[in-house]
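Single-structure report; data block below.
The values are calculated or read from the model by the stated rules, or taken from the named source; none is laboratory data. For clarity, every value in this text was computed on a predicted model and none was experimentally measured. Every residue, glycine among them, receives a Cβ derived from its backbone with ideal geometry; neighbour counts consider all protein chains shown. Heads up: the accessible areas ignore ligands, DNA and RNA and are worked out on the full protein's heavy atoms, side chains in. Shrake-Rupley method; radii C 1.70, N 1.55, O 1.52, S 1.80 Å.
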Amino acid sequence: DAKTTQPTSMDCAEGRAANLPCNHSTISGNEYVYWYRQIHSQGPQYIIHGLKNNETNEMASLIITEDRKSSTLILPHATLRDTAVYYCIVRATDDKIIFGKGTRLHILP
Amino acid sequence: NAGVTQTPKFQVLKTGQSMTLQCAQDMNHNSMYWYRQDPGMGLRLIYYSASEGTTDKGEVPNGYNVSRLNKREFSLRLESAAPSQTSVYFCASRRTSGLGETQYFGPGTRLLVL
């Protein structure tokens with residue numbers, strides 16, 4: 001079973017910041033939080049990952065709560081091309097990586 | 001670098017036929033994975049290989065076999081295809097099994113079993 005909980009879908013206006021939440025209350029101390037997205041019919045694309053500090057790259061920012069039980073992916077200026085399913089994943093202790101159902105993000109013009 | 005490549009892109013099979021899905025990566029990655037994705041669903045792990053010569057079952061291994069032929073190639077075989085195996089199959093690779101390593105995906109193989 002996936003170790004994360006995400007809303008099924010979200011809407012965001014074009015040009016605004018999209019904030020995608022993820023709960024991972026059973027995360028272990030050495031497990032990372034990863035975010036991927038999947039644009040229709042393509043393979044998933046890596047976005048960002050982090051352990052406990054907030055992270056930022058050219059695509060997004062990742063905010064992890066101090067207790068590490070939840071995180072938020074932030075797309076600072078959403079565009080129509082950001083419409084996709086976004087997956088929050090907690091890295092398992094063995095080599096398996098389990099995807100949940102993700103959040104379907106709709107960017108509205 | 002081509003990254004992760006998959007062949008074929010599309011395939012139609014009749015129930016009971018067999019086929020092998022091919023996956024190759026040119027990034028010198030140790031770990032490789034096979035996922036399936038049914039319409040409107042998330043990805044489910046079928047099998048993975050943490051290193052050359054090793055394979056392990058994922059969430060939904062029944063009806064599939066895999067071969068890690070060498071470091072570059074990881075194939076998925078359907079011995080007797082069933083309509084329930086109609087899906088999009090994604091292969092992925094990752095440099096090591098260590099934490100903090102990114103997984104890269106191929107473009108997918110769309111399989112229809114009649």
*Which Cys residues of chain A have no other Cys Cβ less than 4.7 Å away and so no disulfide-compatible partner by this rule?*
A:CYS12
*Give the interface area between chains B and A as buried accessible surface, both sides summed, probe 1.4 Å, in Å² to the nearest 100.*
1900
*asked:* Need one word for chain B: rounded, prolate or oblate. Basis is the Cα gyration tensor (sqrt eigenvalues a ≥ b ≥ c); a/c below 1.5 gives rounded, then a/b vs b/c decides.
replied: prolate
*Could you state the number of Å between the C-alpha centres of region A:1-31 and region B:64-114?*
26
*Could you pull out every one of the aspartates and glutamates with an alpha carbon less than 13 Å from that of A:LYS3, ignoring same-chain neighbours closer than 8 positions?*
A:GLU31
*With θ set to phi - 60°, apply the Karplus curve 6.51 cos²θ - 1.76 cosθ + 1.60 along region B:61-78 and write out the HN-Hα couplings as whole Hz, x wherever there is a Gly or Pro.*
x, 4, x, 10, 9, 10, 9, 9, 5, 6, 5, 7, 10, 9, 9, 10, 10, 9
*Shielding by other protein chains, B:104-113, mean Cβ within 10 Å*: 2
*Show the residues, 5+ positions off or on another chain, whose built amide H is closer than 5 Å to the amide H of A:THR83.*
A:ILE107
*Percent accessible area from carbon and sulfur atoms, the protein assembly as shown, protein chains only, probe 1.4 Å*: 48
*asked:* Give me the 1.4 Å probe accessible area per residue for chain A, excluding ligands and nucleic acids, in Å².
replied: 52
_Rounded FRET efficiency, nearest 0.05, which uses the C-beta distance separating B:ASP38 from A:ARG16 and R0 of 35 Å_ = 0.65
*Roll a 1.4 Å probe over the protein chains and send me the accessible area per residue for chain B in Å².*
45
*Along Cα→Cβ, 7 Å out, is where each label goes; now give me the distance between the ones at B:LEU69 and A:LEU80 in nm to one decimal.*
4.2
*Of the DSSP beta bridges with both residues in the protein assembly as shown, give the percent that are antiparallel, rounding to the nearest 5.*
85
_Pairwise Cα inverse-distance average, inverted: Kirkwood Rh of the protein assembly as shown (Å)_ = 18.0
*Mind checking the dipole of region A:11-98: about its Cα centre, +1 per Lys or Arg Cβ, -1 per Asp or Glu Cβ, Debye to the nearest 20?*
60
*In this model, which of A:LYS69/B:LYS9; A:LYS101/B:LYS14; B:LYS14/B:LYS57 are farther than 31 Å apart at the alpha-carbon?*
A:LYS69/B:LYS9
*10 Å Cβ shell holding at most 12 others, DSSP loop, trypsin sites (Lys or Arg not before Pro): longest site-free stretch of chain B*: B:15-114
*Which GluC sites (Glu not before Pro) does region A:47-98 hold that lie in a coil by DSSP with at most 10 other beta carbons within 10 Å?*
A:GLU58, A:GLU66
